[in-house]
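The values are calculated or read from the model by the stated rules, or taken from the named source; none is laboratory data. Here the structure is a predicted model, which means the values were calculated and not measured. Here Cβ is always computed from backbone atoms with ideal geometry, including for glycine, and neighbour counts include all displayed protein chains. Only protein heavy atoms, including side chains, enter the accessible area calculation; ligands, DNA and RNA are left aside. Shrake-Rupley method; radii C 1.70, N 1.55, O 1.52, S 1.80 Å.
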Amino acid sequence: MKLKDFAIERYFAKYEFSAKYMLSSSDCDGFGMDEVLSLASESEKKDWDNLKLGYTETRGSIPLRNAIKKHYQNIALDEILVSSPGEANFVLMNVLLSKGDEVVCMAPMYQSLYQIAKDIGCTLKLWEPQESNGHWTYSVSDMERLVSKNTRLVIVNFPHNPTGFSPSQKDYEKLIDICRTNDVYVFSDEMYRFLDHTPGPCLASMSDLYEKSISLWGTSKTFGLAGVRIGWLTSKDKILLQKIENFKDYLSICSSAPSEILATIALNNLDYFLKRNLDKIAKNILLFTKFQHKYPSLFDFSPPLTSSTAFVKLHLKESTEDFAKKLVEETGIMLLPSEAFEYGGQHARIGFGRENFPEVLAVLDTYLKKHKY
Ligand SMILES: Cc1ncc(COP(=O)(O)O)c(C=O)c1O
């Protein structure tokens, strides 16, 4: 299979380690390894100190899967498969889909979530949002019209990158009903799980609620541990998980041993990471709300209720890509344009997970004033 280039990742490859400021990152600042290790329990400390750098279990170590299991209502150890998030996605699509299959997926969306299906030769039906003054919604009635007995797979991502959308509990249940009625598989990307900015319970993992679903979560976004490169699939469909495990033998085979221990410690201390990341995101969302009030005719923004990102509409005479190019060249601020999401040329993603967000906004402010935007 030939794969089209991954536009978002190519854009980040160009700037992530050379631009001075990142305004569009979806992850939070990475935590230091010392800080993660300082949270280790006695037995985790022992595992770390005595660690041997041999192969690890393909499914993920038992302590890691036990730590994962705690965050689900009813997922057993053999209903978990550890893998890097991108690999998990790639393998799942290859195991589940064949040329000609019909796939319903959100748009815009993180490219790998639809590109692999497209390049396998599937027909994509897009679940598109409504946008109003920076507020994004995906309607379940639209989903109902798109899904039928001919659909092989529905792909969703809540909290959603880039819009920050998540459905209400009622709509989430309705969506599951639609899929169950049509006997359709669901791939639920939950990489931003628990990044909720309103009180009350977060959505349960789809894998806990629907027997024909596969959920993906990992350490990159919720925890601010992207460098650990650990993710995992959860599903009640053990046959499907076995096929994924068999496919993985041709790729990484198993995860990095140190990363497995770091991920275990993180999962056993979820609240520690969550509190720090949510506080930072909330502070930055508030700052950006005030910033938008200074430029009401320049861009539309409504604070996202979940996730670490927002997708803002820019009212410019030029395309967002052109604007972003000039911005990074003059100020060193990297802004991800919607062209990288194959979603026209009028939007940009803002990321709220970085400590230096106020400094970046100040530089952006000076630039906008200087060029009379
Ligand atoms: C929705 C979504 N899924 C999966 C991933 C992949 O996660 P990772 O970068 O940890 O491989 C990302 C990364 O941005 C994402 O936004």
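With the requirement that a residue be of a type outside the set (G, A, S) and either part of a helix (DSSP H, G or I) or without any contact (Cβ under 8 Å) to a residue 24 or more places away in the chain (or both), what does the stretch 73-92 give you?
Pass one, the stretch 73-92, residues of a type outside the set (G, A, S): 73-75, 77-82, 85, 87, 89-92.
Hits for the stretch 73-92 are L77, D78, E79, P85, E87, N89, F90, V91, L92.
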Checklist entry - Among (1) within 16 Å of the ligand (Cβ to nearest atom); (2) among the aliphatic types (A, V, I, L, M); (3) not assigned by TED's automatic domain parsing to the domain that holds L97, which single condition is I285 missing? => result (1)
Checklist entry - So which residues in the stretch 216-241 are more than 10 Å from the ligand (Cβ to nearest atom), of a type in the set (A, V, I, L, M) and not in a helix (DSSP H, G or I)? => result L233
Next on the checklist: Condition first: more than 16 Å from the ligand (Cβ to nearest atom), in contact with a Phe, Trp or Tyr (Cβ under 7 Å, 6 or more places away or on another chain) and either without any contact (Cβ under 8 Å) to a residue 12 or more places away in the chain or of a type in the set (G, A, S) (or both). Can you find one or more residues in the stretch 177-184 that meet it?
Outcome noted: no
Checklist entry - If only one of K317, K290 is in a loop (DSSP other than H, G, I, E, B), basic (K, R) and at negative phi, which one is it? => result K317
Checklist entry - Of the residues S220, S205, S188, which is of a type in the set (S, T, Y) and either crowded, with 24+ Cβ neighbours inside 10 Å or without any contact (Cβ under 8 Å) to a residue 12 or more places away in the chain (or both)? => result S188
Checklist entry - Is there a residue being within 16 Å of the ligand (Cβ to nearest atom), within 13 Å of the chain's Cα centre (by Cα) and not aromatic (F, W, Y) anywhere in the stretch 205-215? => result yes
Item to check | Hits in the stretch 293-310 - residues which are part of a helix (DSSP H, G or I) and either in the same structural domain as F194 (by TED's automatic domain parsing) or touching a residue at least 40 places away in the same chain (Cβ under 8 Å) (or both) | outcome: K294
Next on the checklist: Quick check on my filter: what residues within the stretch 93-114 are in a helix (DSSP H, G or I), closer than 27 Å to F12 by Cα and away from the ligand (no atom under 12 Å from the Cβ)?
Outcome noted: M93, N94
Item to check | Some residue of the stretch 73-89 being among the acidic types (D, E) and within 16 Å of the ligand (Cβ to nearest atom) | outcome: yes
Checklist entry - What residue, of S252, S259, S235, is in the same structural domain as I62 (by TED's automatic domain parsing) and without any contact (Cβ under 8 Å) to a residue 60 or more places away in the chain? => result S259
Checklist entry - Which pairs have Cβ atoms under 7 Å, sit 6 or more apart or on different chains, and link a residue in the stretch 272-291 that is open to solvent by 20 Å² or more (accessible area, probe 1.4 Å) to one that is part of a helix (DSSP H, G or I)? => result L287/F357; L287/P358; L287/L361
Item to check | Selection count where residues are assigned to a loop (DSSP other than H, G, I, E, B) and either under 25 Å from the mean Cα position of the chain (by Cα) or surrounded by 15 or more Cβ atoms within 10 Å (Cβ to Cβ) (or both), scope the stretch 356-372 | outcome: 1
Next on the checklist: Under 8 Å between Cβ atoms, which residue pairs at least 6 apart in sequence (or on different chains) link something in the stretch 99-111 that is open to solvent by 40 Å² or more (accessible area, probe 1.4 Å) with a partner that is outside any strand (DSSP E or B) and of a type in the set (V, I, T)?
Outcome noted: K99/I120; Y110/I8
Checklist entry - Can you name the helices (runs of 4 or more DSSP H) wholly within the stretch 1-72 that have at least 1 residues being over 24 Å from F247 (Cβ atoms), open to solvent by 30 Å² or more (accessible area, probe 1.4 Å) and within 16 Å of the ligand (Cβ to nearest atom)? => result 7-15
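Residue-wise test of (1) modelled with pLDDT under 95; (2) of a type in the set (A, V, I, L, M, F, W, C).
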site: L274; (1), (2): no, yes
site: A282; (1), (2): no, yes
site: F291; (1), (2): no, yes
site: P296; (1), (2): yes, no
site: P303; (1), (2): no, no
site: S307; (1), (2): no, no
site: K313; (1), (2): no, no
site: L316; (1), (2): no, yes
site: F323; (1), (2): no, yes
